[in-house]
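Visitor: Okay, handing you the structure first.
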């Protein structure tokens, strides 16, 4: 019986324990449903003023800087450099204080070699210049001799044929009569292009001369003055003398020996010939024939008389024979005179005339060849002169540049200010340039020293792409320097980047930031370039709006929601948002002042979607802070406006 009682008590205890456990679980479940969601923080919606700011960090820089760069070609080592942080005074600028001295030993060696090349090019230039002058004088002499030869050949032809016949024959053959008086406009223009116009080549001008059948001579004068610092030449041209144009098929410059087929027999006439040797010879032969005929007539008359006297026995036979001999002599003289006249007309006159004309034609051909050779030789001499002149000009320019490079190895103070090594935006962590110091190598155009203008400073900040459309020039900003937190500075946005900054793009290609300049008002002696600062740009000021923390707004299905109320099941309510700053966001519609909203916790299961950027005055985008909640605050705590 005692055993049964103990068994009953044990079963009863088990039942009581089970009931109590069930009650505890039920109470726990009920209490859990009645409390707010675990980890959630609430906030009472406020109505009042709200300022929309954008807080970004940046570095202080001078708005205007003077960069002292290396202007020497190639890489040079720094032998000495002024201490960084040194302040350049007016006396330093006045006295030409040396800021940087670069190693110039290799440059001095190259200057010595360049001087040798310069002297060699100068000698070649002077030699080519004198050779050009000599060639011009030689051309004048050669052309003058050829002209004299042609002139004398023309005089010989005119001396033999006479002026009337000579002019007529030359006109029929298309040969010039007076080679010293003619129109040379075409030749002068062609040669002027060949030797004075740099845009026309000598070959083009010579082709034009050859096509026109005219070649001229150059008779320039060459005053020269040669020195190490000034070498110049002045060339002038005289008018060449050429045969005149003719309507005949034989144009001057294209002569043909037509005298070989010319018939001179028609000119064996005293009326056709002028006063010349041929006419004189013709007269003499005619006179000789006339004398011979007269003497023959006289001898015949005397012989006939002697014969009549001999028949009457008044004279002897010997006297008759003597008269007959005299007649025969005169007949022979007449025949000789007739033969001489015929030979002169048929052979001697044509031969002498043709020989004189051929000599004149050959003299003209020789004059043409001499003029062409003069043009060719002058072109070659001028080409050598231009080549030597160009080489001398190059060597002279290089010598001058090297001297200037040597002077640029010493950099002196030209402006007052603080000395800072390198460029204003030097990023040594991603380039291969050495840090500026004594012994470091610097390249051409590399900044060695930066001298900022300390009278006007600014902060360079990088604005994210999501906020750049809100930033405008003229917006006011509050600035706090990390090294001087007690100093409150004010500034103004003076420049907004129009394209993303590409300086850090290789680190994060998806990051798009815009470099913006905020100018600091006033001058502060304690401020130095490179200091870190925070810039709070004042974008917009609302006087009376309902606002909640940005953590209270979530985006889902392209809409914005807030969880309103306490308890186990807060209300998910759609809201219309406005502008926002780092802490608060404006609620245009959906929540009234004093309503309790829950801030999103880390374990709140929501499908978050990013909204596209819209006009902030109508429907601004959901801020990034709304999708990335800040640390939870105590229940009922209010974020600092």
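Visitor: Work out the FRET efficiency for residue 495 and residue 440 from their Cβ-Cβ distance, taking R0 = 35 Å, and round it to the nearest 0.05.
Guide: 0.60
Visitor: For an R0 of 25 angstrom, estimate the FRET efficiency from the Cβ-Cβ distance between residue 336 and residue 269 and round to the nearest 0.05.
Guide: Computed FRET efficiency for residue 336 and residue 269: 0.65.
Visitor: Starting from the Cα of residue 178, move 7 Å in the Cα-to-Cβ direction to define the label point; list residues of the stretch 144-161 whose amide nitrogen is under 15 Å from there.
Guide: Answer for this model: 151, 155.
Visitor: Over the stretch 461-504, calculate the relative contact order: mean separation of alpha carbon pairs under 8 Å at least 6 apart, over the residue count, as a percent.
Guide: Across the stretch 461-504, relative contact order equals 34 percent.
Visitor: A further question on this structure: Quick check: residue separation of residue 455 and residue 377 times 0.36 nm, minus the Cα distance between them. What number comes out in nm?
Guide: 21.1 nm
Visitor: Another question, if that's okay. In the stretch 441-479, whose amide N lies under 18 Å from the spot 7 Å out along Cα-to-Cβ of residue 404? List them in ranges.
Guide: 444-446
Visitor: Can you give the FRET efficiency to the nearest 0.05 for residue 576 and residue 469, using r as the Cβ-Cβ distance and R₀ = 25 Å?
Guide: It comes to 0.80.
Visitor: How far apart, in nanometres, would the label points at residue 134 and residue 525 be if each is projected 7 angstrom from Cα along the Cα-to-Cβ direction?
Guide: The answer from the label model is 7.8 nm.
Visitor: Only Cα pairs under 8 Å and at least 6 apart count here; give the relative contact order of the stretch 560-599 as a rounded whole percent.
Guide: Computed over the stretch 560-599, the figure is 41 percent.
Visitor: What is the distance, in nm, between label points placed 7 Å from the Cα along the Cα-to-Cβ direction at residue 322 and at residue 346?
Guide: Rounded to a tenth, the inter-label distance reads 3.8 nm.
Visitor: Expressed in nm to one decimal, what extension gain is obtained for the pair residue 167 and residue 313 from 0.36 nm per residue of sequence separation less their Cα-Cα distance?
Guide: Gain on stretching residue 167 to residue 313: 46.1 nm.
Visitor: I've got another one for you. If I model a spin label at residue 262 and residue 97 as a point 7 Å from the Cα along the Cα→Cβ vector, what separation in nanometres do I get?
Guide: That separation, rounded to one decimal, is 9.5 nm.
FYI, it's all coordinate maths here, none of it is from the lab. As the structure is a computational prediction, the values presented were derived from the model and not from experiment. Cβ atoms come from the backbone with ideal geometry, glycine included; neighbour counts cover every protein chain shown.
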